[in-house]
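Just passing along the structure, written as structure tokens.
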Amino acid sequence: MNPSSLVLSSVLAALALVPSGALAAPLRVVTTTEDLASLAGEVGGDRIAVESIARGYQDPHFVEAKPSFILKLAKADLLVVVGRELEIGWLPPLIQQSRNAKVQVGADGYLDASLTAKILEIPTGQITRAMGDVHPLGNPHYWLDPDNGQRIAKAIADKLSRMAPADASYFASRYADFDKRLAEAEKRWDALMAPYKGLKIVTYHRSWPNFVDRFGLDVIGYVEPRPGIPPSPGHTIDLIGEMKRQNVKILLVEPYFDLKTPNSIGRETGARVLVMPPSVGGEKEITDYIKLFDYDLGLLVAAIKETRAK
Ligand SMILES: [Zn+2]
């Protein structure tokens with residue numbers, strides 16, 4: 001065989017590895033959240049077509065299932081989920097009804113992003129839903145640490161490279177570029193938050209453990225007595241007492257919770273009630289993963305300065 005036919009035969013061999021049409025058509029990626037869609041887009045670029053099922057302003061534990069979601073899943077090559085049972089209340093019937101073998105749990109086109117992430121609050125005792133706990137397998141809001149954002153992006157890049165080996169170097173270079181931009185952003189965020197190490201806050205839901213760990217804040221209590229359980233008068237009174245004792249002046253509320261209880265806590269304690277989106281798409285300016293932290297940290301620092309100036 002002469003060298004040129006050798007080259008030709010290896011090109012043909014490479015083509016044979018991918019299904020016909022795959023070279024032209026981008027991989028169809030569906031994610032459960034906009035955070036995952038943003039990270040997938042960072043590494044997948046124009047070789048994927050990505051869309052999210054949930055919107056960033058929705059509570060990701062409770063998403064209303066629509067027939068259009070089943071259609072998206074029916075056509076997907078890859079489904080990326082947050083995992084840790086975040087989507088347990090709505091995703092399993094959608095996957096089943098899609099009848100798409102590629103994206104069933106455990107199939108090659110199913111990626112659980114939590115498997116390579118750092119997960120906090122993993123319960124050690126017996127796991128029970130008797131108390132209505134929506135975090136039975138550890139805290140599923142782990143994307144709110146940029147280190148986990150990097151890990152998720154890497155896991156998606158690796159998965160895409162296995163699905164489309166001809167584009168592996170493209171995904172690797174996209175990942176490297178994202179990693180560099182994220183590292184630069186992290187320096188900026190660390191400098192912004194450095195003056196506020198140990199600052200005590202209260203949050204509505206347990207959405208922020210990875211976030212506060214990363215940026216050095218201290219959550220002393222929650223408006224929900226337990227994750228997924230609405231506030232009760234007794235718990236609210238205890239929380240107000242604790243906030244007064246510890247002089248807590250910031251109360252973070254995710255955009256999808258009722259502000260009635262937070263506002264009354266704010267009136268009692270003088271704390272600033274801050275609606276802070278935990279996801280890409282939570283506000284129209286938050287169009288990607290890096291902008292999520294820019295937005296939230298900007299909001300938080302402005303509120304801290306305001307409460308200190310009082
Ligand atoms: Zn949660």
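The values are calculated or read from the model by the stated rules, or taken from the named source; none is laboratory data. Keep in mind the model is a prediction, meaning the values are calculated, not measured. For neighbour counting, all protein chains shown are included, and Cβ atoms are generated from backbone atoms with ideal geometry for every residue, glycine included.
Can you confirm whether Tyr175 is closer than 19 Å to Ala76 by Cα, more than 16 Å from the ligand (Cβ to nearest atom), among the aromatic types (Phe, Trp, Tyr) and surrounded by 15 or more Cβ atoms within 10 Å (Cβ to Cβ)?
Spelling it out, it is not the case that Tyr175 is closer than 19 Å to Ala76 by Cα, more than 16 Å from the ligand (Cβ to nearest atom), among the aromatic types (Phe, Trp, Tyr) and surrounded by 15 or more Cβ atoms within 10 Å (Cβ to Cβ).
Would you call Glu184 farther than 20 Å from Val29 by Cβ, under 23 Å from the mean Cα position of the chain (by Cα) and touching a residue at least 24 places away in the same chain (Cβ under 8 Å)?
Judged against the criteria, Glu184 is not a match.
In the set Lys244, Lys249, which member is surrounded by 15 or more Cβ atoms within 10 Å (Cβ to Cβ), modelled with pLDDT of 95 or more and either more than 30 Å from Leu39 (Cβ to Cβ) or within 16 Å of the ligand (Cβ to nearest atom) (or both)?
None of the other options fit; the residue is Lys249.
For the stretch 253-271, which residues satisfy the criterion of being buried (at least 17 other Cβ atoms within 10 Å of the Cβ), of a type outside the set (Val, Ile, Thr) and either modelled with pLDDT under 95 or in contact with a helix residue (DSSP H, G or I) (Cβ under 8 Å, 6 or more places away or on another chain) (or both)?
Ala271, the sole residue that qualifies.
Now, a different point. If you check Arg181, Arg214, Arg151, Arg162, which single one turns out to be away from the ligand (no atom under 16 Å from the Cβ), buried (at least 16 other Cβ atoms within 10 Å of the Cβ), basic (Lys, Arg) and farther than 18 Å from Pro277 by Cβ?
Only one candidate passes the filter, namely Arg151.
Step by step: first the residues of the stretch 35-62, then only those that are within 16 Å of the ligand (Cβ to nearest atom) and out of contact with any helix residue (DSSP H, G or I) (no Cβ under 8 Å at 6 or more places or on another chain), then the one that is farthest from Ala176 (Cα to Cα). Which residue is that?
So, considering only residues that are within 16 Å of the ligand (Cβ to nearest atom) and out of contact with any helix residue (DSSP H, G or I) (no Cβ under 8 Å at 6 or more places or on another chain), the one farthest from Ala176 (Cα to Cα) is Phe62.
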